[in-house]
Each structure stands twice: as C-alpha cells, then as structure tokens.
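Working notes, beginning with the structure itself.
Coordinate-derived values only; no laboratory data. Keep in mind that what you see is a predicted model, and the values were worked out from it rather than measured. Cβ placement follows ideal geometry from the backbone for every residue including glycine, while neighbour counts extend to all protein chains displayed.
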Amino acid sequence: MNLDFSQIVPSIPFILEGIGATLKFVSVSILFGLVLGTILALCKITNKKILKWPADIYTSIFRGTPLILQLMLIHYAIPQLTGYDIAIFLSAVLAFGLNSAAYVSEIIRAGILAVDQGQVEAAEALGVPYPAMMLSIILPQALKNILPALMNEFITLTKESALVSTIGYMDLMRRAEIVGAQLYRNFEPLLIAGIIYWIMIFILTNIGSFVERRMRQSD
C-alpha cells in the first residue's frame, strides 16, 4: 500500500481549522432550521388553509429536491437573477437551514399530534391562549417524544455539511481536498477528515443520548 502519513503531518493544523468553520455554519443552520421548522409545524396543524397549504408546499419542495441542488440554486442561480452576490457562509446557512426546516417541521408536527388531545381540551377549557398553550404545555411534551428524531436530523445535517465544499466554503472537507491536491495524495487527508467527522458525530450522538436520559428522568 502506497501510504505515507509523514507528508500529511505538516498540513494537519490546516485541516483541523476546518472543524470550527464546519461547526459554525452547522450550528447556525440548525438553529435557523429549528425555529423555521417549528413555525411551519404550527402552520401545518392549523385549520386555516392560508397557513397550511404554503407550509405543505414548502415541505414538499425542499424534501423532494436534492440538497446539493438547493445549495447551487441559492449560491449561483439567485445572484444571476437578482444581481446580488451571496456570501458563501450565507449561502450555506440558507440552503442547509431551509432544507432542515422542512424535515424538522414534519418531526415537530408528528410530536405535537402525538400529545394527548385531552391536554389541548383541558387548556382550552381553562381559557389558556393558543400561543401560551403551545409554548408552555404542548411543545414541551412533544419535545420529549421527538428528541431522538431531532438529534438524528442534526447528525444527518452535520454529515451532509461536507457538501458546502462544492461552493468553496473552507470547511473540513474542503481543506482536506486542498491538501490532497497540493500533495497529490488524497487518501491520507480524506481519511483524517473522515475520522474527524466520525468523532464529531460520536460526540453529538452521546450528547443527544445524555439529554434524552435527563429528560426521561425528569418525568
């Protein structure tokens, strides 16, 4: 096997800098997707068609098209139509956040519908306003049931973050590709990137398991 990690050692700090860039845009995308997904979920469960239909159409579009296509459209096609150049970081956050929101909305919608209907009826009987009922009664209960699914979505988002390398964002994957191109050795830097991705996912998975156990213990 033609492997020589000694040539890669000087470039490891350069590759490791991609961890911060990756976590930065993934964290913002997750937060954006969670907020927008919650709003979409609330629109989907309402009886008002003017809110329900746009939310359903949005979910259908973003779940029915490839993430890489959405990323390319936002970064390359929108500037062509508007004349406004979108920064790489903003393009990444918008693409991943909007895509994640579609999946998160379905997860939250299912969690809300799984809450005992008696909770809703009791809150309505007590005259609790709808926004307060959702924020204080329904969503906290739904969160306990959907946490594993949410964590799985966030893990998937972290893994798929490597796609931003296609638009030149200097994330972990992009830096590994640059090192490979400079040294004409691709296996070693890509292997290092793969190990780092695995470590990040491993940590995120364990954090999710810890939070889930804590929430179940609080019942």
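Looking across segment 191-208, not a single residue is in contact with a helix residue (DSSP H, G or I) (Cβ under 7 Å, 6 or more places away or on another chain), closer than 14 Å to Asp4 by Cβ and surrounded by fewer than 16 Cβ atoms within 10 Å (Cβ to Cβ). With respect to the conditions (1) closer than 20 Å to Phe32 by Cβ; (2) exposed (fewer than 14 other Cβ atoms within 10 Å of the Cβ), Glu160 falls short on a single one, namely (2). Within segment 184-204, the set of residues being farther than 15 Å from Pro13 by Cβ and aliphatic (A, V, I, L, M) comprises Leu190, Leu191, Ile195, Ile199, Met200, Ile201, Ile203, Leu204. Of the residues screened, Phe202 is one that is farther than 18 Å from Ser29 by Cα, out of contact with any Phe, Trp or Tyr (no Cβ under 7 Å at 6 or more places or on another chain), of a type outside the set (Val, Ile, Thr) and in a helix (DSSP H, G or I). Between Ile88, Ile137, the distinction of being surrounded by fewer than 20 Cβ atoms within 10 Å (Cβ to Cβ), under 22 Å from Met173 (Cβ atoms), in contact (Cβ under 8 Å) with a residue 12 or more places away in the chain and of a type outside the set (Lys, Arg) belongs to Ile88 only.
For segment 19-39, the count of residues that are under 16 Å from Glu177 (Cα atoms) and surrounded by fewer than 21 Cβ atoms within 10 Å (Cβ to Cβ) is at least one.
The numbered conditions (1) of a type in the set (D, E, K, R); (2) surrounded by fewer than 18 Cβ atoms within 10 Å (Cβ to Cβ); (3) closer than 20 Å to Ala41 by Cα are all true for Arg216 except (3). Considering only residues in segment 37-59 that are within 17 Å of the chain's Cα centre (by Cα) and small (Gly, Ala, Ser), the one that is nearest to Leu113 (Cα to Cα) turns out to be Ala41. Just one residue in the set Leu42, Leu31, Leu16 is of a type in the set (A, V, I, L, M, F, W, C), touching a helix residue (DSSP H, G or I) at 6+ places or on another chain (Cβ under 9 Å), part of a helix (DSSP H, G or I) and closer than 30 Å to Arg185 by Cα; that residue is Leu16. Of all residues in segment 162-199, those satisfying the criterion of being part of a helix (DSSP H, G or I) and basic (Lys, Arg) are Arg174, Arg175. Restricting Ile155, Ile207 to those that are free of Cβ contacts under 8 Å to residues at least 60 places away in the same chain and in contact with a Leu (Cβ under 7 Å, 6 or more places away or on another chain) reduces the list to Ile155.
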